[in-house]
């Protein structure tokens, strides 16, 4: 018996979520009195995983996994889990992890619970809390299978240092030829993604038109934040669908979510519910967003945002 | 091309979420159920394949009789036939197993599901169906073209998109982008009348035991009142010193 965690990397470097899932998986391994094995695919510096508690790292280096391929990645991770006799497999909830998790679950005949928000409440029976109804509620779910797969929501646990050896071992999975080929990837490399961002600056119809997004982009640059928008804004084509936050768009689990000129429809609020601190700037004191936010300014975005940008710039310069 | 669209019967996005029976059951009181939005984008794309490429479109749901109005709505939108697997939808794997059985038996070429249902947000059923029947799988699919058995699809990735080529049989987890919001169809009177006479097959479920089960539910703790500030200086101070997020 052991705990296995998949640690996602991009261009060889681990993503921050990789350290979070290692921190979390280590806590489960400790609870179960067993060791934690991480599995990495084409990643450098696997010793970094030792900081957060990986006892062992199975390093997969394979050119055919250079592009993400759900089938290939799922098979590789499933074989790694089987080789370690893993009873718990921990994944993140990035787009790629969500893509392959159900395939891993079928491979390992495992029960899979996604959007997990806490450590297991008990390990026998295995009960774990996860968000449902798009963050409007939580379910305490019991997993009945010998192997359990946990999809840990972003920022649900945080980073916890816990030094371990991270002994590296090569691992060579047996892979089938993939039927799915990546033709092209269209990704802005100079922008923070909503999935990775600690801070998200989001704007709505209150901005009156796409030409007014300059100040939003500027705030995002100052804060190292991702930009996002409300559903009407993406439906009107002011911003791309990829920025739409809410029940049918993207969920946001950021440390800080700043909503500018967004009234706060229930579907939008559900989508951002797992963000820690919410700030709203809106002219309408009756806007529902004020009931869901931690801090608010009642006022015109066109006056407040430029002021805020100036002050934030000064603040960042002082606290750099 | 034979298309099977998997339809989840879910509370509409404006629903207030409450629980009954000591927080073990979802409270359906006053809740309006709809086609899961992610599935509806897929269903609408399936209508395009029907009208432009002569595809046949069947819709399927795993659930009790109360889900039939949702299936009838899918028929009114234009699906040819509906199937209801007569068992409560429990865990994702159990649902996937039921769907996979029908998908295999019916030799469907394209199985369209949603990225996730907006009730349980499991995000696992389409992938599991694909794996069980040995079909290709594309998740968070925002564009889908099929020529013979060749498929070109675009999927949303974190921070961008990726264009993929694959082949039928294929399962997708779809979402907005497959069609636009403005392409969604409201059933007209003719569609609703026709839907009444379209076949809705009720099939018995295969036996299986759930891999996981919800025990209790809870709602997030109520939050404190918003702190309103007058100046941006106050805001920055609070975010830095109190919330500690700057």
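Here are a few things to note about the model shown:
- Inter-chain Cβ neighbour count for A:62-69, averaged per residue, equals 1 (cutoff 10 Å, partner chain atoms only).
- With the convex hull drawn over the C-alpha atoms of region A:199-319, the volume per residue is 91 Å³.
- Counting every C-alpha pair in region A:38-130, the share spaced more than 23 angstrom apart comes to 27%.
- Three principal axis extents describe the C-alpha atoms of region B:162-227; from largest down they are 52, 41, 38 Å.
- Relative to the dominant Cα principal axis of chain B, helix B:68-77 is inclined by about 70°.
- Exercise: per-residue mean of other protein chain Cβ atoms within 10 Å, B:8-15: 3
- Evaluated over chain A, the Cα radius of gyration and Dmax, each in Å: 21.0, 60
- Equivalent ellipsoid semi-axes - Cα gyration tensor, region A:94-228, angstrom: 34, 23, 17
- Residues A:3, A:182, B:146, A:104, sorted so that the one with the fewest Cβ neighbours within 10 Å comes first: A:182, B:146, A:104, A:3
- Applying 1/(1 + (r/R0)^6) with R0 = 35 Å to the Cβ-Cβ distance of residue A:208 and residue B:32 gives a FRET efficiency near 0.60.
- Fluctuation leader among B:113, B:177, B:42 - chain B, Gaussian network, Cα springs under 10 angstrom: B:177
- Label point at residue A:319 placed 7 Å out along Cα→Cβ; residues across region A:257-281 whose backbone nitrogen lies under 15 Å: A:257-258, A:277-279
- Which of B:189, B:1, B:124, A:1 has the fewest Cβ neighbours within 10 Å, and the rest in rising order: B:189, A:1, B:1, B:124
- Considering only chain A, percent of DSSP beta bridges that pair antiparallel, nearest 5: 20
- Taking every alpha-carbon pair in the protein assembly as shown and binning the separations at 20 Å intervals from zero gives 21, 55, 23, 1 percent.
- Between residue B:208 and residue A:221, the simple label model (points 7 Å from Cα in the Cβ direction) yields a spacing of 5.2 nm.
- Label-zone membership for region A:200-242, site residue A:284, 7 angstrom Cα→C-beta point, backbone N under 11 Å: A:205-206
- Neighbour counts of other Cβ atoms within 10 Å put A:202, B:117 in the fewest-to-most order B:117, A:202.
- Beyond 31 Å, the tail of the calculated P(r) for region B:2-220 holds 17 percent of the Cα pairs.
- Choice from B:36, B:136, B:22 with maximal GNM fluctuation in chain B (Cα, 10 Å cutoff): B:22
- The packing ranking of peptides A:14-20, B:14-20, highest mean first, is A:14-20, B:14-20, where packing means the average number of other beta carbon atoms within 10 angstrom of each residue.
- Taking the three principal axes of the alpha carbon atoms in region B:60-137, the coordinate ranges are 31, 27, 21 Å, sorted in descending order.
- Principal-axis tilt of helix B:92-105 within chain B, Cα atoms, nearest 10 degrees: 20
- Full extension of the chain between residue A:181 and residue A:42 yields a length gain of 48.2 nm, computed as 0.36 nm times the residue separation minus the alpha carbon distance.
- Residue-span extension gain [residue B:20 to residue B:145] - 0.36 nm each, minus C-alpha spacing: 40.6 nm
- Between the beta carbons of residue B:225 and residue A:16, assuming R0 = 41 Å, the FRET efficiency works out to 0.80 to the nearest 0.05.
- Here the Gaussian network model covers chain A, with springs between Cα atoms less than 10 Å apart; of A:87, A:47, A:124, A:124 fluctuates the most.
- Geometric extent, Cα atoms of region B:201-246 - Rg, Dmax (angstrom): 24.1, 64
- Efficiency of FRET from Cβ geometry, residue A:85 and residue A:30, R₀ 22 Å, rounded to 0.05: 0.80
- Over the C-alpha atoms of region A:1-76, the Rg to Rh ratio, Rh being the Kirkwood estimate, stands at 0.97.
- Alpha carbon convex hull of region A:2-170, volume per residue in cubic angstrom: 98
- Each peptide in A:155-168, B:148-161 receives the mean, over its residues, of other Cβ atoms within 10 Å, and ordering these scores from highest gives B:148-161, A:155-168.
Taken together, the values in this text are just the output of simple stated rules run on the coordinates, not laboratory data. Only a predicted model underlies this, so the values are computations on that prediction, with no experimental measurement involved. Glycine gets a Cβ as well: all are built from the backbone with ideal geometry, and neighbour counts include every protein chain shown.
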